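Before any comments, here is the structure.
The values are calculated or read from the model by the stated rules, or taken from the named source; none is laboratory data. Remember, predicted model here, so these are calculated numbers, not experimental data. Glycine gets a Cβ as well: all are built from the backbone with ideal geometry, and neighbour counts include every protein chain shown.
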Amino acid sequence: MSVPLTQPFLEVRGVKKKYGNVEALRGIDLKAYTGEILAIVGDNGAGKSTIIKTLSGAIAPDSGEIIVAGQKYHKLKPKTALAAGISTVYQDLALVNTLDIADNIFLGREYKTKIFCLDRKRMRQEAKELLGQLKIQIPFLHAEVGDLSGGQRQSVAIARAVHQGGRLLIFDEPTAAMGVKETITILKLIKSLAQQGLGIIVISHNIEQVFQISDRICVMRQGEVVGLVKTDEVHPNDVIAMITGAVDINNRGRE
Amino acid sequence: MEMRVRLQRIFPQLLLSGVLLLLIVALSLTSEYFLSWENFRNILDQSSVHILLAIGMTFVIASGGIDLSVGNVAALSGVVMAVAMKSGTEVLPAVFLGFLTALLFGLVNGLVISYIKVNPFITTLATMSIARGAALILTGGVSIYGFSADFKFWGTGSIGPINPPILLAFIFLIVGLFLLSYTLWGKYSLALGGNGEALRRTGANVNFYQISIYCFSTLCAAAAGLIMTARLNSAAPLAGATYEMNAIAAVVLGGASMKGGKASIFGTFIGCLTLGVLRNGLTMLAVPTYYQQLFTGIIILVAIIVSELRSKAEQ
């Protein structure tokens, strides 16, 4: 179900955000498409986290607009972002370690039997099917998330984002503090999600990784988008130069 | 692997059940009166107030909080019931007023903790003092006694082989078990303590859950207050002091983590029974009551240390 690249699923127009005197975002324009992996790179303080928080509904921008699937928003709330089809896999994963896998995947979207009871049987069954579809290997469903490895926990968080019905998944540093083998598994999973037609935005510090998986790269610096390039048309060194401010390929936004 | 992990998860409850069994065997050997239905009924009766408070506390601790106000709120609820009845109110409306008072305290606890984000320990320490003060003001510092048979029934009546306090404790136990294991409310209580931020990000109304947990806790306290007052046929303004300690001890003994996210109603029940059997045994062995408080403190300390070491070992 590949969607033509002419119709962005998400469009960010002139989004600005100030924290006191600090301009975290100075008018961001951005488009994300389904079936595509867009990487957002930039140094600390470039505004990557702020733009992600804006898209997931954690913070409200001061101005600008966010268009999701043709619908215009001035700000998103966590619930509206999810309903619009944007799911975020946070760097801290936002999992409850003391609950089991199905309880975590269905956190906030539980099935109920009658008015009061949780339909755990149905949720476990669906969780099992979902993990199977995504080819995620988990020892057993009753395991508490706290007992899983870092990669498995990341997989559960991804499964939840997919289950939330997200058509655009945002990953904040998905492989930070993860082993080599697990990193490969997670990157494969992210790629396969894009192939299945989901839109992906990945925030990463790791330039090598960004070149492995992304279709396009958005470079941010000091609250601005300073470069928006196709991954296979650019050299890693150019991207690094843009991040550090050594060159400015698009000559945008620097007065 | 699966079996091992499951066993590991209920290990605290198994361990505590073992301790309780050992205690029962030891006391049976030392005292010929210990192992009898009368004495067991007595232990259940004496434990009923503690069970009620501990069930509410289980949800509070599961959510990563603590409720120090419950002992004093129980006393205040009893006092409100007594004052209402003495001024001519019927039993049922009077009891209702007592529960309403407790609910108000739960609401204040919950609102301050969730919206103003004050530490639960500090918040409930303050409302604990407010409840005690209110009870003293309402009574003028002296106990109110002498109630109708309808009211006394809740403390001293009998229903078949058991009595209303035991029945009430068991009803709350079953309700607690149901709520924690099978409902969204129970799951979110645990999620709040396990990772409240994760729950908030799903868009769940975290404040609502937090407030309702503290309300449930004080409603349990009101039920305890009803029993305490009816049993003694007297509403004492200083009743129920340090009962919150017993409740916390039972919950932690039952395998709950003080950090939140982990709790068990069955564990809490076994914890209450253990403390009840211990109190009963110490009394039988003629150990002065002053020591019992000392023991409770030591037990809490040991239980918290063990729970802390366990969660460190798991990481």
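Taking the listed residues B:Leu238, B:Leu275, the one that is closer than 30 Å to B:Val80 by Cα, modelled with pLDDT of 90 or more and either within 14 Å of another protein chain (Cβ to nearest Cβ) or not in a helix (DSSP H, G or I) (or both) is B:Leu238, with no other qualifying.
Taking the conditions (1) in contact with a Ser or Thr (Cβ under 8 Å, 6 or more places away or on another chain); (2) assigned to a helix (DSSP H, G or I) in turn, B:Ser257 satisfies each one other than (2). Among the conditions (1) among the charged types (D, E, K, R); (2) under 15 Å from the mean Cα position of the chain (by Cα); (3) more than 21 Å from A:Lys48 (Cβ to Cβ), A:Asp215 misses just one, which is (3). When B:Ala62 is tested against (1) surrounded by fewer than 24 Cβ atoms within 10 Å (Cβ to Cβ); (2) touching a residue at least 60 places away in the same chain (Cβ under 8 Å), exactly one condition is not met: (1). Considering the range B:283-315, and only residues there that are among the small types (Gly, Ala, Ser) and under 12 Å from B:Ser257 (Cα atoms), the residue that is surrounded by the fewest Cβ atoms within 10 Å (Cβ to Cβ) turns out to be B:Ser311.
Looking across the range B:151-194, the residues that are free of Cβ contacts under 8 Å to residues at least 60 places away in the same chain, surrounded by 14 or more Cβ atoms within 10 Å (Cβ to Cβ) and away from chain A (no Cβ under 14 Å) come down to B:Gly157, B:Leu167, B:Phe170.
Are any of the residues in the range A:96-107 at the interface with chain B (Cβ under 7 Å from one of its Cβ atoms) and farther than 21 Å from B:Gly261 by Cα? The answer is no; no qualifying residue exists.
Could you please let me know if A:Gly146 is within 25 Å of B:Lys262 (Cβ to Cβ), in contact (Cβ under 8 Å) with a residue 12 or more places away in the chain and within 14 Å of another protein chain (Cβ to nearest Cβ)? Taking the combined requirement at face value, the residue satisfies it. Among the residues here, B:Asn233 qualifies as away from chain A (no Cβ under 14 Å) and surrounded by fewer than 24 Cβ atoms within 10 Å (Cβ to Cβ). In the set B:Ala82, B:Ala75, only one residue is more than 30 Å from B:Val277 (Cβ to Cβ), among the hydrophobic types (A, V, I, L, M, F, W, C) and in contact with a Gly (Cβ under 9 Å, 6 or more places away or on another chain); that residue is B:Ala82. Would a scan of the range A:78-89 turn up a residue that is within 30 Å of B:Ser311 (Cα to Cα) and within 14 Å of another protein chain (Cβ to nearest Cβ)? Yes, the range A:78-89 contains at least one residue that is within 30 Å of B:Ser311 (Cα to Cα) and within 14 Å of another protein chain (Cβ to nearest Cβ). In the range A:107-123, the count of residues that are modelled with pLDDT under 90, out of contact with any Phe, Trp or Tyr (no Cβ under 7 Å at 6 or more places or on another chain) and among the aliphatic types (A, V, I, L, M) is one or more.
Of the listed requirements (1) closer than 21 Å to B:Tyr188 by Cα; (2) acidic (Asp, Glu); (3) in contact (Cβ under 8 Å) with a residue 40 or more places away in the chain, A:Glu36 misses just one: (1).
Matching residues to (1) more than 14 Å from chain A (Cβ to nearest Cβ); (2) part of a helix (DSSP H, G or I); (3) within 18 Å of B:Phe266 (Cβ to Cβ); (4) of a type in the set (Lys, Arg):
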position: B:Arg4; (1), (2), (3), (4): no, yes, no, yes
position: B:Asn42; (1), (2), (3), (4): yes, yes, no, no
position: B:Val49; (1), (2), (3), (4): yes, yes, no, no
position: B:Ile66; (1), (2), (3), (4): yes, no, no, no
position: B:Asn72; (1), (2), (3), (4): yes, yes, no, no
position: B:Gly98; (1), (2), (3), (4): yes, yes, no, no
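The strands (runs of 3 or more DSSP E) found wholly in the range A:1-96 and carrying at least 1 residues that are aliphatic (A, V, I, L, M) and crowded, with 22+ Cβ neighbours inside 10 Å occupy A:10-19, A:22-32, A:37-42, A:63-68, A:86-89.
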